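**Student:** I'd like to ask you about the structure that follows.
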Amino acid sequence: MYQIFGLDDDAEALYRLLLREGPLRADSFALNPAEGAIIERLRDDGLIYGEDVLTAARPGLALKGRLLERQRAINAAEALMTEYEALYQSNSRHYSDGVPVEVLTDPAHIRRTFSHIEGSARSELLSFVTAPFQVVTGDRRVLDPSDHPRCRILVEEEVFTDEAAVAAAQHSADSGCEVRVIDRLPFKLIIGDRRQALVPQAPGETMPVLLIHAGTVLDALVATFDVFWERALPRRTAWRNNGTDDTRPTQQEITILRHLARGATEQQIATTLTISKRTVIRRIQQLMDRAGVDTRFQLALHAARAGWLSKVVDA
């Protein structure tokens, strides 16, 4: 974020040090030519002052002008973009607001559109990731959580056979995204702010790609995402667990799971097992915590995939 003020990592670190600990004597730094250049640059930019003693300038004064310059540049860029958009819409050979779907066939255009949807989302970003895993852009930045939209990524199990996909999923989680796993997805998908979406024209294909604009089709894609999202398991779940490690349930817990799967109530389970209803509730919550899931439906899915319901385990 500090790059907006023209600072690199080293300059920002020194300025932050002087803000927090300064003023500091210049000879307290083991100056080499590179460090001296950083100090000179900060001094030339008006962020620090002094020769023998280095003092940080007040940020509200030193940086305000730079921020206003950036804002003016952004305003000018937005005005230019509006002009370009008007030219685009005036050409009947281009997309117009009355057309809900565009067909994209140029790979470079597809990558730029993907980056635009991903980078311009402000409130919500939704994505289906299917096998084979593809890196659409090389952008691996970790987003600032303060301006990061709610991000939900749904990944096919098969994708995680690719080490690059595992690294990408971890990067997404580190960036603040919620990642869930499901056995199968119908197609690749990305939706930004429920305004635009990219989806292949045919399942299993990567080209051409459809750019979907706000409307009934996009609403249907969002609804499809929500259906699969509710069926999926959180990424933290040991979804390949075969029930042989320390997370395996006891025989009583397996019995509780089987009754849950059949639709029994907590009281019915308690009566059948001659234990209290409170104990049943506690055991179910423990199973959910152990499986890393949030709902009983997800617990049932996890139990089935992990083989818990077919195991006979000593209590």
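Every number here is computed from the coordinates shown, using simple stated rules; none is lab data. The structure presented is a predicted model; accordingly, all values stated were derived computationally and were not measured. Cβ atoms come from the backbone with ideal geometry, glycine included; neighbour counts cover every protein chain shown.
**Student:** Karplus couplings for the stretch 61-66 from phi (6.51 cos²θ - 1.76 cosθ + 1.60, θ = phi - 60°), rounded to Hz, Gly and Pro as x?
**Tutor:** 8, 6, 9, 4, x, 5
**Student:** Estimate the FRET efficiency between Glu158 and Glu35 by the formula 1/(1 + (r/R0)^6), using the beta-carbon distance for r and 51 Å for R0, to the nearest 0.05. Show your work: numbers first, answer last.
**Tutor:** Working: r = 50 Å, r/R0 = 0.99.
About 0.50, to the nearest 0.05.
**Student:** Distance in nm between label sites at Thr265 and Asp226, each 7 Å beyond Cα in the beta-carbon direction?
**Tutor:** 2.9
**Student:** Here's something else I'd like to know. Once you list every other residue whose beta carbon is under 10 Å from the beta carbon of Phe297, what net charge do they have if Lys and Arg are +1 and Asp and Glu are -1? Each step should come with its number before you reach the end.
**Tutor:** On the way: positive: Arg231, Arg296; negative: Glu230, Asp294.
That works out to 0.
**Student:** Next up: Net charge within 12 Å of Ala76 by Cβ-Cβ distance, Lys/Arg positive one each and Asp/Glu negative one each, not counting Ala76 itself? Mind dumping the intermediate values first?
**Tutor:** Working: positive: Arg70, Arg72; negative: Glu69, Glu78, Glu83.
Around Ala76, the charge tally is -1.
**Student:** Which peptide among 167-174, 274-281 comes first, and what is the full order, when sorted by highest mean count of other Cβ atoms within 10 Å? Before the final figure, lay out each step's value.
**Tutor:** Working: 167-174: 15.4, 274-281: 13.6.
Ranked from most to least packed, the peptides come out as 167-174, 274-281.
**Student:** State, to one decimal in nm, how far the label point of Ile281 lies from the label point of Ala86, with both points 7 Å from Cα in the Cβ direction.
**Tutor:** With each label point 7 Å from Cα toward Cβ, the separation is 6.4 nm.
**Student:** Would you tally the net charge around Met288, using a Cβ to Cβ cut-off of less than 9 Å, leaving Met288 out, and scoring K and R as +1, D and E as -1? Show your work: numbers first, answer last.
**Tutor:** On the way: positive: Arg290, Arg296; negative: Asp289, Asp294.
Around Met288, the charge tally is 0.
**Student:** Right, another one. To the nearest 0.05, how large is the calculated FRET efficiency for Thr105 and Tyr49 if R₀ is 35 Å and r is the Cβ-Cβ distance? Walk me through the numbers on the way to the answer.
**Tutor:** On the way: r = 57 Å, r/R0 = 1.63.
The formula returns an efficiency of 0.05 here.
**Student:** Find the centroid of the Cα atoms in the stretch 41-75 and in the stretch 173-188, then give the distance between the two in whole Å.
**Tutor:** 42
**Student:** If you don't mind, there's one more thing I want to ask. What FRET efficiency comes out for the pair Arg25/Arg58, r = Cβ-Cβ distance, R0 = 25 Å, nearest 0.05?
**Tutor:** On the way: r = 20 Å, r/R0 = 0.81.
Once rounded, the FRET efficiency stands at 0.80.
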